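A quick write-up on the structure given underneath.
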Amino acid sequence: MNIMNLFNDKPNDTTSALTSSSDSAPLAYRMCPRTLEEYIGQNHILGKGKLLRRAIEADRITSLILYGPSGTGKTALARIIAEKTKAHFEWLNAATAGLDELRKVIQSARTRKAKDIRTILFLDEIHRFNKLQQDALLPDVEEGNITLIAATVENPFFYVNSALLSRSQVFELKPLTEEDILKIINSAIHDKERGLGTLKIIASEDALRHIAKMSGGDARKALSALEIAVLTTPPDSEAGINITIQIAEESIQKKVIVYDKKGDQHYDTISAFIKSMRGSDPDAAVYYLAKMLYAGEDPRFIARRIVICASEDVGDADPMALVLATSALKAVEFIGVPEARIPLAQAAIYIAKAPKNNSCYKAIEEAMKDIESEQTMEVPNHLKDSHYPGAKKLGHGEGYKYPHDHGGYVEQEYLPKKKKYYKP
């Protein structure tokens with residue numbers, strides 16, 4: 001059974017199975033903060049006087065959902081709550097737990113409630129629970145049989161049932177800053193109880209800053225890289241372990257891009273890309289383009305958005321923008337990655353530099369609104385098709401003035417009710 005009881009049934013027991021500092025455990029696990037004072041980052045929700053901090057300190061946690069990228073402190077926060085609370089604490093991972101296990105936890109929670117013992121259930125990766133499994137939580141969350149703390153790397157507004165969301169407070173954890181990561185890895189270097197403080201580590205500022213920068217706001221990634229660097233670097237003649245910038249680069253390897261192809265990062269980055277082109281900033285446009293390509297975004301998806309931007313935002317100010325954008329789309333489909341990045345960059349830069357005019361976009365938007373909200377106007381008889389038998393008897397086409405017979409333009413009615421959609 002994939003259930004870890006962090007406490008026994010005595011509400012005052014504060015011995016947690018999660019805070020083992022075994023030397024065999026990974027450094028990232030050993031350095032997990034034990035108190036709010038040790039917790040680094042997320043000041044927007046855990047700073048002095050903030051709601052969540054007050055609730056944890058007062059042991060008045062209500063059901064909540066923590067969401068954010070990996071390595072930002074979701075599980076660490078759950079461990080702190082486990083240490084702080086007098087409630088019974090249960091742990092489940094939605095990736096491996098089934099409905100039967102969930103029901104056993106809930107049934108035990110109901111039994112404890114009868115003894116006035118609260119139960120907090122930490123459910124990791126809640127986005128992996130299907131609708132049926134999430135629905136199974138609802139009655140007991142609502143009745144207070146369990147207090148749910150759920151964690152997810154996915155936007156809960158996309159992956160968690162609305163009914164469960166309405167019964168929970170949602171807190172977003174953001175990627176840690178470079179300075180936050182530096183504090184964490186420096187703490188690990190000097191901590192003699194759980195970290196690497198018993199070793200003589202000489203790390204250059206450049207090396208540590210490189211690890212912090214390349215970790216992409218992920219503390220687990222940074223600590224793992226530091227541990228690899230220390231364990232794989234032989235001591236020098238004075239028994240010191242020198243961590244240079246070269247060792248740091250090898251240990252962190254490729255930079256981690258925080259980018260989820262179906263969630264916030266996907267939509268936020270493409271939004272920033274389009275707005276940068278619209279705002280005539282080619283440098284920003286190229287940066288977001290590079291980020292998407294580096295993260296493995298579908299280049300055809302990017303190309304389609306460039307085509308839309310060319311027509312919507314540049315429009316008649318430079319009709320060649322649409323020609324270049326559609327050519328880039330064809331080039332992407334023809335040559336594929338990695339070379340496709342070149343025509344994509346060419347099209348993005350061209351559109352960013354082009355003059356802007358959204359008259360065509362506004363014209364079709366206003367016309368669509370009229371079609372949707374007003375009575376549809378009848379096509380005037382002189383504009384109706386006259387190329388079929390019987391059309392003449394109906395008067396279709398009668399009185400139509402062929403513009404080319406009048407030098408290319410002639411005054412005549414095209415709409416029974418005068419409208420002004422195109423405003424160049």
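The values are calculated or read from the model by the stated rules, or taken from the named source; none is laboratory data. Only a predicted model underlies this, so the values are computations on that prediction, with no experimental measurement involved. Backbone-built Cβ (ideal geometry, glycine too); neighbour counts: all protein chains shown.
Within the stretch 276-305, residues that are over 17 Å from Val337 (Cα atoms) reach partners that are acidic (Asp, Glu) with beta carbons closer than 6 Å, at six or more positions or on different chains, in the pairs Arg278/Asp313. Reported count of residues in the stretch 237-258, each being at pLDDT 85 or above and more than 18 Å from Ala219 (Cα to Cα), is 8. Only helices (runs of 4 or more DSSP H) whose full extent lies in the stretch 235-327 are considered here, and the ones with at least 2 residues that are out of contact with any helix residue (DSSP H, G or I) (no Cβ under 8 Å at 6 or more places or on another chain) and among the charged types (D, E, K, R) are 264-278. For beta carbons closer than 9 Å, sequence separation of 6+ or different chains, a first residue in the stretch 397-419 that is assigned to a helix (DSSP H, G or I) and a second that is loosely packed, with under 10 Cβ neighbours inside 10 Å, the qualifying pairs are Pro403/Tyr409. Across the stretch 60-108, the qualifying residues are those that are in contact with a strand residue (DSSP E or B) (Cβ under 8 Å, 6 or more places away or on another chain) and charged (D, E, K, R), and the one among them that is surrounded by the fewest Cβ atoms within 10 Å (Cβ to Cβ) is Glu101. Of all the listed residues (Tyr388, Tyr409, Tyr414), the sole one being of a type in the set (Phe, Trp, Tyr) and over 28 Å from Val314 (Cβ atoms) is Tyr388.
If I ask for residues that are buried (at least 18 other Cβ atoms within 10 Å of the Cβ), under 17 Å from Gly71 (Cα atoms) and out of contact with any Asp or Glu (no Cβ under 9 Å at 6 or more places or on another chain), which ones from the stretch 183-210 would you list? Of everything in the stretch 183-210, those that are buried (at least 18 other Cβ atoms within 10 Å of the Cβ), under 17 Å from Gly71 (Cα atoms) and out of contact with any Asp or Glu (no Cβ under 9 Å at 6 or more places or on another chain) turn out to be Ile184, Ile185. Residue pairs whose Cβ atoms lie under 9 Å apart, separated by 6 or more positions or on different chains, with the first residue in the stretch 135-158 and farther than 25 Å from Asp116 by Cβ and the second part of a helix (DSSP H, G or I) and of a type in the set (Val, Ile, Thr), are Ala151/Thr75; Ala151/Ile126; Thr152/Ile126; Glu154/Ile126; Pro156/Ile126.
Within the stretch 109-120, the presence of at least one residue that is crowded, with 22+ Cβ neighbours inside 10 Å and either β-branched (Val, Ile, Thr) or outside the structural domain of Ala163 (by TED's automatic domain parsing) (or both) is confirmed.
The number of residues in the stretch 163-181 that are out of contact with any Lys or Arg (no Cβ under 7 Å at 6 or more places or on another chain), within 24 Å of Leu223 (Cα to Cα) and in a helix (DSSP H, G or I) comes to 3. Looking at the stretch 107-121, which of its residues are touching a Lys or Arg at 6+ places or on another chain (Cβ under 9 Å) and closer than 23 Å to Leu66 by Cβ? The answer is Ala109, Arg118, Thr119. Could you tell me whether Pro338 is at pLDDT below 95 and either part of a helix (DSSP H, G or I) or not assigned by TED's automatic domain parsing to the domain that holds Met214 (or both)? Taking the combined requirement at face value, the residue satisfies it.
Tell me, please, whether a residue that is outside any helix (DSSP H, G or I), in contact (Cβ under 8 Å) with a residue 12 or more places away in the chain, surrounded by 15 or more Cβ atoms within 10 Å (Cβ to Cβ) and assigned by TED's automatic domain parsing to the domain that holds Glu339 can be found in the stretch 216-230. No: the stretch 216-230 contains no residue that is outside any helix (DSSP H, G or I), in contact (Cβ under 8 Å) with a residue 12 or more places away in the chain, surrounded by 15 or more Cβ atoms within 10 Å (Cβ to Cβ) and assigned by TED's automatic domain parsing to the domain that holds Glu339. The requirement of being within 31 Å of the chain's Cα centre (by Cα), buried (at least 17 other Cβ atoms within 10 Å of the Cβ), modelled with pLDDT under 90 and within 30 Å of Arg103 (Cβ to Cβ) is fulfilled somewhere in the stretch 2-9, by at least one residue.
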